[in-house]
1. Please determine whether any residue of the stretch 46-67 is of a type in the set (D, E, K, R) and in contact (Cβ under 8 Å) with a residue 40 or more places away in the chain.
2. Within the stretch 43-55, is there a residue that is surrounded by fewer than 16 Cβ atoms within 10 Å (Cβ to Cβ), of a type in the set (Ser, Thr, Tyr) and farther than 21 Å from residue 118 by Cβ?
3. Just need a number here: residues in the stretch 58-80 that are part of a helix (DSSP H, G or I), more than 19 Å from residue 114 (Cβ to Cβ) and not acidic (Asp, Glu).
4. If a residue must be under 15 Å from the mean Cα position of the chain (by Cα) and in a helix (DSSP H, G or I), how many such residues does the stretch 81-100 contain?
5. So, in the stretch 13-41, of the ones that are under 16 Å from residue 83 (Cα atoms) and surrounded by fewer than 11 Cβ atoms within 10 Å (Cβ to Cβ), which residue ends up modelled with the highest pLDDT?
6. Give all pairs with beta carbons closer than 6 Å in which a residue from the stretch 104-117 that is touching a residue at least 12 places away in the same chain (Cβ under 8 Å) and within 12 Å of residue 85 (Cα to Cα) meets a residue that is among the polar types (S, T, N, Q) and surrounded by 16 or more Cβ atoms within 10 Å (Cβ to Cβ); count only pairs at least 6 apart in sequence or on separate chains.
Amino acid sequence: MFYLRRFEKDFKDFISFASYSSRICIELSIEDIGLHEIITSPKARESFERYLRRFPLSYHPNDIERLDLFICAASRFCKKKINTELIEQYLVEDQHWTQENAKWCRNRIDVGLEILKVNKQFYS
């Protein structure tokens, strides 16, 4: 309750100093973001879930290939850009990965998607 009263006071102070011509936009977001929100393409999401179901932290070539298949599916089927920061957060918070492992996965996805983006431009 203290924080709510503190926020109210700080917000009122902010409003009193802001000019009347300023617009304030407050956007509320979903607190619990899952794979459905992060990876909107069903095919790409299914591919990522397949990668997660095996033993992704073993870094076996087959596991890396499954991740690469997800990257290809994401590049091909996702209309909306994937926020890989949210994937990293999902892996740490929901899948209980270490920060280091989640960062490695995120980096591989980022690099793979960038390469495939350039590849699309090369052939267009």
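1. no
2. First, pick out the residues of the stretch 43-55 that are surrounded by fewer than 16 Cβ atoms within 10 Å (Cβ to Cβ): 43, 46, 49-50, 53-55.
Right, trim to of a type in the set (Ser, Thr, Tyr) and you get none.
Scanning the stretch 43-55 turns up no residue that is surrounded by fewer than 16 Cβ atoms within 10 Å (Cβ to Cβ), of a type in the set (Ser, Thr, Tyr) and farther than 21 Å from residue 118 by Cβ.
3. Number satisfying all stated conditions: 4.
4. Count: 11.
5. Once the filter is applied, the top-ranked residue is 36.
6. 106/84; 109/84; 110/84
Here's the yes/no breakdown for (1) at pLDDT 95 or above; (2) touching a Cys at 6+ places or on another chain (Cβ under 9 Å); (3) surrounded by 12 or more Cβ atoms within 10 Å (Cβ to Cβ); (4) within 13 Å of residue 52 (Cα to Cα):
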| site | (1), (2), (3), (4) |
| --- | --- |
| 72 | yes, no, yes, no |
| 75 | yes, no, yes, no |
| 83 | yes, no, yes, no |
| 104 | yes, no, yes, no |
| 111 | yes, no, no, no |
| 119 | no, no, no, no |
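The values are calculated or read from the model by the stated rules, or taken from the named source; none is laboratory data. Just so it is clear, the structure is predicted and the values come from calculations on it, not from any experiment. Here Cβ is always computed from backbone atoms with ideal geometry, including for glycine, and neighbour counts include all displayed protein chains.
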